1. Out of all the residues in the stretch 575-589, which are without any contact (Cβ under 8 Å) to a residue 24 or more places away in the chain and either part of a helix (DSSP H, G or I) or closer than 23 Å to Lys677 by Cβ (or both)?
2. Tell me the residue from Val187, Val250, Val227 that is over 21 Å from His157 (Cβ atoms) and out of contact with any Phe, Trp or Tyr (no Cβ under 8 Å at 6 or more places or on another chain), please.
3. Say whether the condition of being at pLDDT 90 or above and under 20 Å from Thr248 (Cα atoms) is met by at least one residue in the stretch 153-174.
4. Limited to the stretch 815-838, what total is found for residues that are closer than 20 Å to Glu767 by Cα and open to solvent by less than 60 Å² (accessible area, probe 1.4 Å)?
5. Mind listing whichever residues of the stretch 288-309 are under 13 Å from Ser346 (Cβ atoms) and either open to solvent by 10 Å² or more (accessible area, probe 1.4 Å) or part of a loop (DSSP other than H, G, I, E, B) (or both)?
6. With the condition kept exactly as written, say whether any residue in the stretch 603-612 is out of contact with any Ser or Thr (no Cβ under 7 Å at 6 or more places or on another chain), modelled with pLDDT of 90 or more and under 27 Å from Val557 (Cβ atoms).
7. Restricting attention to the stretch 925-938, does a residue exist that is exposed (fewer than 15 other Cβ atoms within 10 Å of the Cβ), of a type in the set (D, E, K, R) and touching a residue at least 12 places away in the same chain (Cβ under 8 Å)?
Amino acid sequence: MKRAWVDDVNGNYKNFCRTVVQQLLNDGKMTICMELLSSMVTEFSTQKSSEINVTWEYHEKARSAFQSDMLPDCFQVSTSAIKLSLTNNNVDLAHSALSLLLEVLTWDFSTFDVANASTQVRRARRSRTQSTVVNPPTHWAPKLADVNLVNMLVECHNKFRGDNVTMTARQSLIQLASLSKRMFRTVEDQLSFLTSIMNAIFTMCQSSLSILSQNIQTKNDELAYKVGLELYDCSQALLRIFTNFDPTIVSKLTNITQVLDQTAQLTCDLITITTLTEELIYHDALSFLLDAWSVISISDALNTSNHCLRIFTSYVDSRVNMNRSTFDDTNDDCEDCYLLEESLTSLAVIARKNAAQSLTHLHNHFTRIGATLIVAFSHTAVPDELFDQLEWIFDFIGYVVCDDAQGESPIIPQELINCCKSSSILFTLMQKVLEYSNMEREHYQKSSPRIAEKYMWLLKRWMPTYLMPDVELYSHHHSLSSDLASAYGSNENGTGIALFILSKILFNLFQWQSEPDLAKSTCECFRTLVKNPRVVSRIVITDEWRKMILMDRDTFVTMKNQVDQIKGAFTECLSVGCDTIEDYDTARAYSDQLLEPIRVQFDILMTPSDAKTLSDDSISKILYCLEKICGVVRSSGSKNRVFIWEFLDKGYSVLIKMVMLCEKFHIYQNIVNSCLKFYVDVTAHLSSYLDDHSCAKLYKSCLECINVYRKYNVGKTFVKEKQQDDALEESSSDVLCLLNILTHMTSREFLDFGGSGDVDVPNVIFEGLNLVLPLITLDILDYPKLCKQYFDLTAHMMEVYPHKISDLSPQLFSQIVSSLMFGLKHADPDINRLCYESIASIAGERCAIALNSGFLETIIGGILFTIMYEKFDFELMEPMSRALYFLVIWSPDKFRMVAQNILNSEADAGTRQRMASYFDTLNESNMVHFNKKLKEFTFGVRVFLKTK
């Protein structure tokens, strides 16, 4: 059929198809006609077409022809059939006609990309995630924007309550709700359409809610799911409308108040329903509506303050009175947790529309829960339901009061700044939150570690935004109120709050040692506290901080139930304090007080004579001390780096002993891995601050450690398969550390603008690669993180230091090329891209070492074969083009030889001639022109070579 449609020059076949369709309609066989047309639309859509062994070029010609010749007729026939099904009460006809209509509404009107099959997959995925706008040609506007079509879909939905009919009607309605604004010629057309489709959606919702309310107590899971699907589709349609249409247009609806009231009521109904059922479809529907309200609420064109407050209070009240664990059962994977996070983010935007009232509502709940807790603590146990309520309130406060500060400088939301100018509720609420810590400490044996962890999360989220904020971030139009500056700024109030939080951190680490999740969350909170230099500069001079330095000396005992990473993080945060002390002598005294005990501990650990008879206690002390040293290194800053380097290099230095430790205890994998992690941390956090002479000593120590590791691990074999698997996993962790060490060294070169003096960074890194490569086997490269790190490093070295490639030994160059060949066939497009970038750098430098290795022929042939025959991510086109360009410029003879071999392998003379003409176009000396020609080559060749 598809072949006949494209080859039908005189239109005979198309006329025949129309005749058959008309005959079926005349004979009353409309259901058969709908099914036939649906099959035709599906077949011609290309994405869903059958595999008939023709080129993508041919499929696209067929799609374009069908879109202009037959698709409008399919739409007209489907709508006529729907009308007839309503008149005759024919459910089968309604189902088939709606299915045809949906096929038309989901037709992809955009230009098809024929580059390769993988491009089709990527494009299909994009259409699913970004299909919020249906954008057909403008001549379709009278058909799709017709309010009668909307009314017809609603009538179908209500008249035929069969599953397939109602679902297809709703999905068609979603597509109509996604129409592009350009489909409407005037504002009046938009308003007429919006009125019609919103009335339709609310009519469907009322019908669904009515059915649900009548059957909610029967616990009919099948019915609940069906109704949930209806509400899910209606909510999605509303989100599409509020996203696609300008709020200023929506505000001009004559019934805008009713629309907002109905949307708010639907949202509140779904909030209630999600407390009664664990069916995830209702939570998804609610998430759509909360997203819609987050869009609506930020517009000044719509008066939504009361609606937003109603939704927020309804959500809070429902969740606080709901079993937390039951809710979490419906969110037991990452996707569902993300859904909750997205809902809370939207809810925060909604709450800030009426910030004072929203915060007051949270304050009232928190006060009630606190009073109930005081009574409960006096009894034998606290009900879990009470802790669930408290966890919800902490969640709400964290999201409403501040945004997630990751990746940017946090700023207090303007709505809350404005709120503080007229109300003190924010200060009152946060004071109650801080005071909760006293209650928890007083009754910690009856308190919940889960709530303590959530409390740390709340403080970690709140501190970067409010505690001693950077006033320079607030412009004249976004000024920080004097009340906020007074309550939380760099003054006695701010210092008092910081010390109060610090006391809570200490309490968690020392009193709740059997709770690893809480300890991790507490350390994250501690790190957040010391990241703010304004905070640290004020608390580092206090007696409380000095006591903590003394406490750090014996955490092996006092924190015996905490893992070493927690103890190292504690040392790290204390060491940060030194970087804020301006006076040199004071800073040195501080550093000596903190670091000297660690040095003494490390010296003692080097004394055992027989490494093979180490006790478990000795191993634990070594690992503990190494973790503390790593913590010190991670705290490196512009001021304390002098003292940290002295600590590492002074006398019989830590650096020398670290290599000795790695050699002496090489049979203990955990000790070796800790030594490697030390070098990862020191190259990542300290090397950029060192002068050339010091950096040379550090890098020499790194290479010595790598060499020691290589000495005992290259070619290691195991008898048992399980031993082999365990060793491979351990080796992957170690090799990843080695690659991280070399990668962190690269930052030094940028800071030194090419390096000078005692350290030649590229030579050091290539020497390190030479040591590491024998450890990198194909089995090791199966670990994604390690694989990505290796090719990241290789691509960087090839790009930044191409002049060093010619100096590589033949063996090292051969190993790198072999790994690149492996990477080109890797399933991860990022790995492919890095390999193409490395090849471009090698070819651009025209390294003589590559001429005698068969490098050129192999790479050119591989790239051309991929472009012409294989599936690949079209986003790789640019790095592939750049690599091939430099290869062709370097050796056009090699390129012609490879191209001729490809032509000789093609049996068909016509295809061979077309391929040859395309090869002739790849002779551009300008990279931009070559890139353009290669894209034309890819499109042109694949459309007659690639078949489906």
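1. Selection gives Tyr584, Asp585, Thr586, Ala589.
2. The conditions single out Val187.
3. Within the stretch 153-174, not a single residue is at pLDDT 90 or above and under 20 Å from Thr248 (Cα atoms).
4. Step one: list which residues in the stretch 815-838 are closer than 20 Å to Glu767 by Cα, which gives 815-820, 838.
Applying the additional criterion that residues be open to solvent by less than 60 Å² (accessible area, probe 1.4 Å) yields 815-817, 819-820, 838.
Going through the stretch 815-838 one residue at a time, the tally reaches 6.
5. Across the stretch 288-309, the qualifying residues are Phe288, Asp291, Ser294, Val295, Ile298.
6. No, that holds for no residue.
7. yes
Yes or no, residue by residue, for (1) basic (Lys, Arg); (2) open to solvent by 50 Å² or more (accessible area, probe 1.4 Å); (3) under 26 Å from Ile842 (Cβ atoms):
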position: Ile863; (1), (2), (3): no, no, yes
position: Phe872; (1), (2), (3): no, no, yes
position: Met877; (1), (2), (3): no, no, yes
position: Ala883; (1), (2), (3): no, no, yes
position: Met897; (1), (2), (3): no, yes, yes
position: Ala916; (1), (2), (3): no, no, no
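The values are calculated or read from the model by the stated rules, or taken from the named source; none is laboratory data. Here the structure is a predicted model, which is why all the values come from computation and not from measurement. Here the Cβ is made from the backbone with ideal geometry for all residues, glycine too, and neighbour counts use every protein chain on show. Heads up: the accessible areas ignore ligands, DNA and RNA and are worked out on the full protein's heavy atoms, side chains in. Shrake-Rupley method; radii C 1.70, N 1.55, O 1.52, S 1.80 Å.
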